[in-house]
Amino acid sequence: MDLRELYQEVILDHYKHPRNRGTLESADRHSEGHNPLCGDEIRIDLILDGDIVRDVRFDGQGCAISTASASLMTEAVLGKSVQEAEQLIGEFQSMVTQTGEYEPRPEFGELEALAGVREHPVRIKCATLAWHALRAALKDGGEVSTE
Ligand code: ZN
């Protein structure tokens with residue numbers, strides 16, 4: 001199995017079986033994001049324990065890329081500090097938008113499955129939607145749009 005097939009499997013798996021999907025009644029942070037280009041909608045609920053992301057859920061409707069990205073995002077930030085999560089948001093965004101030769105980043109783990117959207121500019125906003133919404137939730141919530 002080549003890397004591209006493996007990445008497609010990861011994306012399909014997270015699309016069909018999203019992790020941390022749902023809402024949190026006791027969430028202390030909440031945000032909503034929209035990607036009008038594709039019609040993706042996402043809601044993020046977050047529970048912070050001091051500086052640590054104690055729980056995170058996402059809900060909404062979207063394409064395979066936006067759903068898989070949201071699912072992977074929740075797994076990646078759970079248990080991280082706010083600062084680590086914000087750093088990861090920046091790194092993820094540069095991974096999916098950087099041009100030129102891609103430098104593999106093994107430390108990204110499964111997140112790297114989304115690096116392929118670099119070759120499909122119209123899908124980049126699908127991939128980054130959950131991360132924009134996460135950034136808003138980490139600040140103080142609200143609504144974000146990829147436009
Ligand atoms: Zn989409």
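The values are calculated or read from the model by the stated rules, or taken from the named source; none is laboratory data. Predicted model, so just to flag it, every value in this text is computed and none were measured. Note that we place each Cβ from the backbone using ideal geometry, even for glycine, and neighbour counts take in every protein chain shown. Note: areas computed on protein heavy atoms with side chains; ligands, DNA, RNA excluded. Shrake-Rupley method; radii C 1.70, N 1.55, O 1.52, S 1.80 Å.
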Could you give the nm distance between label points at Arg21 and Glu107, where each point is 7 Å from its Cα heading toward the beta carbon? 3.1
In 5 Å bins starting at zero, report the fraction of Cα pairs in region 84-140 per bin as a rounded %. 4, 19, 31, 25, 15, 6, 1, 0
4 °C / 1.567 mPa s Stokes-Einstein diffusion coefficient of region 18-63, Kirkwood radius on C-alpha pairs, µm²/s: 116
Apportionment of accessible area to carbon and sulfur, the chain, percent (1.4 Å): 47
Efficiency of FRET between Asp13 and Asp140 - r from beta-carbon atoms, R0 35 angstrom, step 0.05: 0.60
Taking the DSSP beta bridges in region 1-112 as the whole, what percent of them are antiparallel, to the nearest 5? 95
Accessible area expressed per residue, the chain, with surrounding protein chains retained (probe 1.4 Å, Å²): 52
Go through region 94-102 residue by residue and turn each phi into a ³J(HN,Hα) via Karplus (6.51, -1.76, 1.60, θ = phi - 60°); whole Hz please, and just put x for glycine and proline. 6, 4, 8, 10, 5, 9, x, 4, 7
Note to self, the chain gives a 222 nm [θ] from helices alone (DSSP H runs n ≥ 4, -39500 (n - 2.57) apiece, / all residues, nearest 500) of -14000 deg cm²/dmol
Sorted by packing (mean other beta-carbon atoms within 10 Å per residue), highest first, where do 65-72, 97-104 land? 65-72, 97-104
Region 107-147: proportion of alpha-carbon pairs further apart than 14 angstrom, %: 54
At q = 0.09, 0.13, 0.14, 0.19 Å⁻¹, what log₁₀ I(q)/I(0) does a Debye calculation on the Cα points of the chain give, no solvent, two decimals? -0.24, -0.51, -0.59, -1.11
Amide H contacts under 5 Å for Lys80, restricted to residues at least 5 apart in sequence or on another chain and with H modeled in the peptide plane, are Val53
If a/c stays under 1.5 just call it rounded; otherwise compare a/b with b/c (prolate if a/b is bigger, oblate if not). Do that for region 31-117, with a ≥ b ≥ c from the square roots of the Cα gyration tensor eigenvalues. oblate
